[in-house]
Amino acid sequence: MANDRPLAAHEILDALENVSDNEEDYRERLICILPPPVDPDCLTDEDSGEEDNVTLNNLPRNILLQPAEVMIQGQIMVSDTEEEPSDSTGRTKRRRTYAWRKRDLAKNPVNWPDVQGACQDKRPIEWFENFLDEDVISLLVSESNKYAVKKNLPGDITTEERIEEPQKE
């Protein structure tokens, strides 16, 4: 049965409540209700009531009138397309409905190009100094001295000391 428009949340709820008890269909059903449009004249966009204690009996009218989808054991039950009236013309636009699936993202390998040129002539200590300014160095010195005091060691590092590259023997 093809629908010209998506079912509203209250229509889906009515249909689910009217399923006779003789039908032995105990599959899990999830209902996805689309959010209502934002009213620019409204001072707040918050719903009234508790979010943790939502039941079908305390949903506001504007939520019950929104388009909704029913998912029954992994199958989404909606029409293939929705028709919306266009603002500028009397024609209608078709909007696609997507069926989302839960799965892991595919990891694409990243190929990094080889760096060539004068940058390869730098020593590791020179690269390290490029990323540290005086604020970072003073923070490292301060935290290192605090750590040394906690370990009963002398906390006598100063910002004037520089890291020296170990000599190769």
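The values are calculated or read from the model by the stated rules, or taken from the named source; none is laboratory data. Since this is a predicted model, take the numbers as computed values, not measurements. With ideal geometry, Cβ positions are generated from the backbone for all residues, glycine too; neighbour counts draw on all protein chains shown.
May I ask you to list pairs of residues, at least six apart or on different chains, whose Cβ atoms are under 8 Å apart, with the first in the stretch 81-108 being on the phi < 0 side of the Ramachandran plot and the second being of a type in the set (S, T, N, Q) and modelled with pLDDT of 80 or more?
Thr81/Thr97; Glu82/Thr97
Pro154 - would you say it is over 30 Å from Glu69 (Cα atoms) and more than 39 Å from the chain's Cα centre (by Cα)?
In short, yes.
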